[in-house]
Amino acid sequence: MSKRILLLGVYGMEMVECGGALAINARQGGFSFASIMLASDTMQSEVRQAAAELGVEQVYFNGFERGGVDLRRDYKLALCRVIRETRPDIIITQDPEHSFEDLDPDRRPAMLLILEAIALAGRDFGLEAMPELAPHPVATLYYMSPSRPNCSLSLAEVWPQKEKAMDCLAAQMTFSGRHFGERLSPAERQALYPGFDQLASDQAKGREVQRAMDKALYLHTGLVSHSRIALAEPYRRQGLFEMTELLV
């Protein structure tokens, strides 16, 4: 069954991290969207390329202040507008538990902003600023890369798409390669990826680190957890699952 799915992200790489769900939905005839709070001009171009690989219909770039994400009215209105324009059946966003432990800047205030905007989008908030858009309540919310997943999604059919989408994020991979090159000892770098120090660029180093981390995460949620899924994208659905029969 095709759906309308919206990712509400802080950084662009989140769209690829939950790219399995977005790509599967697009393959099934659904409509996938993404909204990113913080992205430079370079990152925006790369995220658009990644979106094309995943079948994402449209990416909204909110242009919020880096280091200044808060609960200001303008930010609430911006996210409400995205929700009301895309009218999703499902919203995917960062995990509240993980976001408060994450040392990436802006993640903690962003979590409060996201949840508040989701709540306000279904009410009469801000209608004077967007009279052409009706309130849109969202009943189903999934948290990506959660601390405590309660469901998972097979990546078998879309793994090549997800890998190609991650390849598009050159700026993020360059940052990661430089970061891990400075943070890890030579022995740790070699254990993570044999020949790490011989790779030609920070981008190549970052991409190999990301590839290793992705495989570890998705294997842990999948095969390592005695699942019938080899590589599994983890999620935590908020609230109880509502079913008409038990799932196999």
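We did not get these values from a lab; they are worked out from the coordinates using the rules stated. None of these values were measured; they are calculated from a predicted model. In this analysis, Cβ positions are derived from the backbone assuming ideal geometry, glycine residues included, and neighbour counts consider all displayed protein chains.
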Per-residue ³J(HN,Hα) for the stretch 188-198, Karplus 6.51 cos²θ - 1.76 cosθ + 1.60, θ = phi - 60°, Hz, x for Gly and Pro: 5, 5, 5, 5, 6, 8, x, x, 3, 6, 8
Relative contact order [Cα under 8 Å, 6+ residues apart], the stretch 153-234, whole percent: 35 percent
Glu157/Ala119 FRET efficiency (R0 30 Å; Cβ-Cβ; nearest 0.05): 0.30
Positive minus negative residues near Gly63 (Lys, Arg vs Asp, Glu; Cβ under 14 Å): -1
Karplus-derived 3J(HN,Hα), 6.51/-1.76/1.60, for each residue of the stretch 145-151, Hz, glycine and proline x: 6, x, 5, 10, x, 10, 7
Amide H contacts of His136 (H built 1.01 Å from N, under 5 Å, at least 5 apart or other chain): Gly122, Arg123
Under Karplus coefficients 6.51, -1.76 and 1.60, residue-wise ³J(HN,Hα) of the stretch 15-30 in Hz, glycine/proline x: 4, 7, 4, 9, x, x, 4, 5, 5, 4, 4, 5, 4, 8, x, x
Cα-based Lys pair tally, the chain, threshold under 25 Å, eight or more apart or on separate chains: 8
Extension gain from Met213 to Arg27, taking 0.36 nm per residue of separation minus the Cα-Cα distance: 64.4 nm
Ranked Glu242, Glu46, Glu157, Glu97, criterion: other C-beta atoms within 10 Å, fewest first: Glu242, Glu157, Glu97, Glu46
GNM result for the chain, Cα springs below 10 Å: residue of Leu155, Leu231, Leu127 fluctuating most strongly: Leu127
Within a Gaussian network of the chain (alpha carbon springs, distance under 10 Å), most fluctuating of Ser185, Ser147, Ser45: Ser185
Net lengthening on full extension, Leu112/Gln198 (0.36 nm per residue, minus Cα-Cα): 26.7 nm
Net charge over other residues, Cβ less than 12 angstrom from the Cβ of Leu22 (K, R count +1; D, E count -1): -1
